[in-house]
Every structure is written in structure tokens, then in C-alpha cells.
1. Under 8 Å between Cβ atoms, at least 6 apart or on separate chains: pull out the pairs that start in the stretch 142-153 with a residue that is closer than 12 Å to THR84 by Cβ and at pLDDT 80 or above and end on any residue that is β-branched (Val, Ile, Thr) and crowded, with 17+ Cβ neighbours inside 10 Å.
2. Of the residues in the stretch 173-202, how many are in a helix (DSSP H, G or I) and touching a Lys or Arg at 6+ places or on another chain (Cβ under 9 Å)?
3. Given the conditions (1) under 25 Å from PRO169 (Cβ atoms); (2) surrounded by fewer than 12 Cβ atoms within 10 Å (Cβ to Cβ); (3) touching a Leu at 6+ places or on another chain (Cβ under 9 Å), and given that GLN254 satisfies all but one, which numbered condition is not satisfied?
Amino acid sequence: MYLKKPVEASEQPHVLVADDRPDELRLLIALLKAENFRISVAFDGHQAHNRAVAALPDLILMDVRMPRIDGFAACRLLRATPQTAHIPIIFLTSMASLSDRLEGLRNGGVDYVLKPFDAAEVIARIHIHLPRHLQTVAASRASLDPQASEEQVLVRAAMSYLLANLARPPSVAGLAQRVGTYEKKLSQAFRDVLGKTVFEFVREERLRLAARLLRDSSLNIGDIAAEVGFSGAANFGTAFRHHVGLTPSAFREQSRPTP
């Protein structure tokens, strides 16, 4: 009789489960054990980030509402960390509103499953995302950037969030909460890594986007000012002239191709 060779433990897919509810953790662990997955556990978003960096799991199941930092903030940090940026994250949460689901996907989650969950659905979604990950994991790990410092990870995560919300950025304190840190630490990280404040970064990126819109779109100047987050065309014009050395109208005229 032919006997199937047993799968070595090190070859089994490794799933990190981040959830602070013991009853749901027990259920998920039993579910994953039945599929012969290797399992790691984290009880909050901060611990999930640290354990993912240390263990490099093949997939993460992440709750959203957790102590210290929530699942969305942990996801932003994981996406900003070179070693973990490629790991698929499935949110598994009771936060069911459309805005919550969209935030999870926009922040880098590959899927969003609602609690109370169906066991078969969770396993099916894991098996959808694992093969895609495992096909490229060797190449991804071989081409990793040099290990990023904690400050670099925070700044990358914050920059990514700000670039997606340039028109309506949060306060520095609100931004710090969204990347799992506090205001003073984030402000210092921006100064150390970029040599500028959060406000200066936002202003420069708004003006860079405005220059591209002036050059490449037909939007009027007032609409561009609103699109990049300025309160009015006059404030935008003053800031743009100070940054570029030309008024928005003069810059647009100069940027037009010569007939």
C-alpha cells in the first residue's frame, strides 16, 4: 500500500491569530488545528505586529477592536514594515458597517469576514489567499529592503495614511492613534526620518498634487484647491506661489506643451 508522506511541521502554513477574546481564540485555534496549520496567537495589535515581524507567518487573521492598538493600526504598521508588507491579512470582526469594511480593505486587508463567523467560510477564505501568498513568498523575502527601524515604520505608515487623506488629514494626535503610537513620538519620528514636521509633509504633498493637477487636468483652480485640502483659492494661491515661485495660473500656462 502506498503511504502518503506526512507533511513536515515546518512546511505547514503558519497562521497568526490576533484577537483579545479567549472564547473566539479557542474556536479559531481548534478550527486551524483541524486544518493542520501552525498557529501563533496575539492578544492586541501591538503584539500582532511584533510577532509577525519575528515569525513571518503566511497569513494573519486580525480582529479590529483590540486593546493597545486596534487591528486597523496594526495593519498599517504591518504594511509599512518591509518584512511583513506582503503577508495577507484577513480581518475577522463584528464591525459590520460599510465604512469599517472599506477602511479595512483600503488599509491593506485582503479580505473582511464578519462575526459571528461560519467556520467553513473562514477556512475557504484562508485557502483562497494562502496559495497566492505562498507562490511568491520566496521571491518576496529574497528581495526585502534592509530592516526598517521603528521610526521608519511609523513614518511609512503615517505617510501612507496621509497620502490617502490629503484633503482631510487628521490631527497629529489622531494620526498617531491610527498608526499605533502617540503624538510626541510620531512628531519626533518625522523630524528624525524626513527632517520635517507632519504639517510640512502634508503641505508639500498637497502642493505636489496640486502641481500635477494643474499640469495634467482641466480642473479650475478653485476645484484643485478644494481637492488638495485648502480652504479657498486665495490661501492655495499664496501657498503655491511661495512653494513654486509662480502663481497657479502662471504655472499652468508655463506647463502647457508648446504648439
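1. That search, which allows pairs on different chains as well, returns VAL153/THR81.
2. Residues meeting the conditions: 4.
3. GLN254 satisfies every listed condition except (1).
The values are calculated or read from the model by the stated rules, or taken from the named source; none is laboratory data. Note that the coordinates shown come from a computational prediction; the quantities given were computed from them, not determined experimentally. Please note: Cβ atoms are built from the backbone with ideal geometry, for glycine as well, and neighbour counts cover all protein chains shown.
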